[in-house]
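Every number in this text was worked out from the coordinates using simple rules, so none of it is lab data. Bear in mind the structure is a predicted one, so any value in this text is a computation, not a measurement. Methodologically, a virtual Cβ is constructed for each residue, glycine included, from the backbone with ideal geometry; neighbour enumeration extends over all protein chains shown.
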Amino acid sequence: MSRANAWPAVLPAFLIVIAGGTGVMASDETTSRSVATLGGGCFWCLEAVFEEVAGVLDVVSGYAGGHVENPDYHAVCGGATGHAEVVQVAYDPARISYEEILLIYFGVHDPTTRDRQGADVGPQYRSVILWRDPAEKAAAERLIADLERDRIFDGPIVTEVVPLGDFWPAEKYHQDYYRNNPDQGYCQVVIAPKLAKFRQEFKDRLRAR
């Protein structure tokens, strides 16, 4: 079992260190903002967290890492398309760096369980970082090496670091899911506790309400 309850005591210290350095700013070619694409279990969970991070401009849930064009939710859940549920996080690199985005990502999911997060099981729930350029790839691999070196988790990190191909936005009802459905069962049992933990341990990373 990973040290899921231990990350609050250690990962914020990593965040303080890298915040003082030069972050990798991976620019989206179509706008001046930067974008990170990450998978770590159900996209509703990651979306809910990153929507509250200061410096994040927009979060879109979707599918990436597969081999079928324009997949839908049911096809992805079936496992045959090869896609992971991911979030595309657009952020202001003047306020938060790519490394900081990654560190929060590692703090809010378990990167040691292959093809599952808690009760969510299947390849669509795999832990995966999809990079846009060599700088993002290097930053992800460097952070994983640091986390492994310092034994932040009990088990080895199985997060995939792969190039981003096509990103397909998920259906409209998946967008802002927690915000629109806070009383839904999954939101209450899974997302709300994760979000509360994030808010408590990363107070200085929360956007102003």
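Side notes on the structure shown:
- Think of each Lys and Arg Cβ as +1 and each Asp and Glu Cβ as -1; about the Cα centre, that makes the dipole of the chain roughly 600 debye.
- Ascending count of other beta-carbon atoms within 10 Å, so fewest first, for Val89, Val158: Val158, Val89
- Of all DSSP beta bridges confined to the range 7-204, the antiparallel ones make up roughly 85%.
- Between the range 179-209 and the range 40-101, the Cα center-to-center distance that results, in Å: 17
- Candidate lysines for bridging to Lys203, where Cα separation is under 26 Å - those fewer than 8 sequence places away on the same chain excluded: Lys194
- Our summary gives the range 7-204 a relative contact order of 28 percent, counting only alpha carbon pairs under 8 angstrom and 6 or more residues apart.
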